[in-house]
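Visitor: Can you keep this structure in mind? I'll have questions shortly.
Here, each number is a calculation from the coordinates, and none is a lab measurement. Only a predicted model underlies this, so the values are computations on that prediction, with no experimental measurement involved. FYI the Cβ positions are ideal-geometry reconstructions off the backbone, even for glycines, and counts take in every protein chain you see.
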Amino acid sequence: MKSIIDFIIGLSIKKEVNLFMEVLNVKNLVKIYNAYKNAKHVTALNGISFSANRGDFIGIMGPSGSGKTTLLNILSGIDMATSGEVFISGKDVCLMDKEELCYFRRKNIGYIFQDFNLLDSLTIKENISLPLIIDNVRASKIEKKVSGLMKFFQIQDLKEKYPFNISGGQKQRTAAARALINEPSIILADEPTGNLDSKSSSSIMETILRMNEELNSTVLMVTHDPFAASFCKRVIFVKDGQLELEISSKGHRKSFFDKILETQSILMGG
Ligand SMILES: Nc1ncnc2c1ncn2[C@@H]1O[C@H](COP(=O)(O)OP(=O)(O)O)[C@@H](O)[C@H]1O
Ligand SMILES: [Mg+2]
């Protein structure tokens, strides 16, 4: 197992000259949705700034309508900011044209969705390989990377199976492997425990934690779930499109969980 991890980390070190570099920098981000007809404009983000270094694991929490999805959509290039800057690995994504952004996203951002978004008509191995196939990567290189990640996530026996033939936990690990295949600078996760029971929630959070701790992946996760957030190193609370408060973990998940609950009740009470 050690050699696989060394292999994956080794690849990342080659790509990122400085291991401790700033991976994400969000500066004064504003998003105003222009409403139709006579309705009012909606300020979904009202000047958010924060940054993430390599190896960070950040949770974004906040009440419904506070701008979490808008933030994630802008970071991932699905939506455009009204003003402000987003630097991912030092590159301003707001300045890229559509084609540039498409390529940059595929290379630099890994996604974990609420429902995992696996393609039913592809095998597990093909699902994980897809981002590399799109980029015409050599078959031998794809084989090497995919089998390394499948071993890491203990799904190597599922290679030729299809998503409908594997369990929920196996689907999650497949999605995690696919998110990592391009050695992205950052993993964006949108409510990964959103539709899951508590056992599956633990399992996906353990998987994301392994990505963060053992592979030094940088993770930004939007969640309304204090249990999921308690796996993070930092949690940023947003309200009305603004950064309200940030708390950090001291390393004990249970006490961080309590701190998150306490902060939530204070912020809601206030
Ligand atoms: N496409 C849109 N057009 C107009 N308003 C929107 C649109 N998407 C979101 N909003 C509004 O922006 C605010 C933030 O929404 P959102 O980012 O979805 O919040 P959250 O994910 O925290 O629930 C809300 O007031 C929402 O109604
Ligand atoms: Mg949302």
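Visitor: P(r) for the chain, please, calculated from all Cα pair distances in 10 Å bins and given in %.
Guide: With a bin width of 10 Å, the distribution comes to 7, 29, 36, 22, 6, 1, 0.
Visitor: Determine, for each peptide in 71-79, 216-224, the mean count of other beta carbons within 10 angstrom over its residues, then list the peptides with the highest first.
Guide: Packing order, densest peptide first, comes out as 216-224, 71-79.
Visitor: Mind checking which of 201, 81, 59 is farthest towards the positive end of the chain's charge dipole, using Cβ charges of +1 (Lys, Arg) and -1 (Asp, Glu) about the Cα centre?
Guide: Comparing the listed Cα positions along the dipole, 201 ranks first.
Visitor: A further question follows. In segment 36-72, which trypsin sites (Lys or Arg not before Pro) are in a loop and have at most 14 other Cβ atoms within 10 Å, using DSSP for the loop call?
Guide: Those satisfying the criteria are 37, 40.
Visitor: Find, among the GluC sites (Glu not before Pro) in segment 114-217, those assigned to loop by DSSP (not H, G, I, E, B) with at most 10 other beta-carbon atoms within 10 angstrom.
Guide: 160
Visitor: For residue 151, which aspartates and glutamates qualify as cross-link partners when the Cα separation must be under 18 Å and same-chain residues fewer than eight apart are set aside?
Guide: 6, 126, 143, 160, 183, 206, 213, 214
Visitor: Can you tally the net charge around residue 196? Count Lys and Arg as +1, Asp and Glu as -1, for every other residue whose Cβ sits under 14 Å from the Cβ of residue 196.
Guide: So the environment of residue 196 carries a net charge of -3.
Visitor: Compute the label zone of residue 156 within segment 196-213: residues whose backbone N is under 19 Å from the point 7 Å along Cα-to-Cβ.
Guide: Answer for this model: 211.
Visitor: For the pairs 107/141; 107/145; 107/233; 159/199, note any where the Cα-Cα span goes beyond 19 Å.
Guide: The pairs that break the limit, which is 19 Å between Cα atoms, are 107/233; 159/199.
Visitor: Also: Taking the Cβ of residue 221 as the centre, find all other residues whose Cβ is under 9 Å away and add up their charges (Lys, Arg: +1; Asp, Glu: -1).
Guide: Charge balance in the 9 Å sphere: -2.
Visitor: Could you order peptides 145-153, 130-138 by the average number of other Cβ atoms within 10 Å of their residues, highest first?
Guide: Top to bottom by mean Cβ count within 10 Å: 145-153, 130-138.
Visitor: Under a Cβ-Cβ cut-off of 12 Å, what is the net charge of the residues other than residue 63 that fall near it, where Lys and Arg count +1 and Asp and Glu count -1?
Guide: For residues surrounding residue 63, the net value is 0.
Visitor: In percent, how large is the relative contact order of segment 129-211, given Cα pairs closer than 8 Å and 6 or more residues apart?
Guide: 31 percent
Visitor: Now, a different point. By per-residue mean of other Cβ atoms within 10 Å, what is the highest-first order of 117-123, 47-53, 250-256? Don't jump to the answer; show the numbers that get you there.
Guide: On the way: 117-123: 13.7, 47-53: 16.7, 250-256: 12.0.
Most protected by this proxy first, the peptides run 47-53, 117-123, 250-256.
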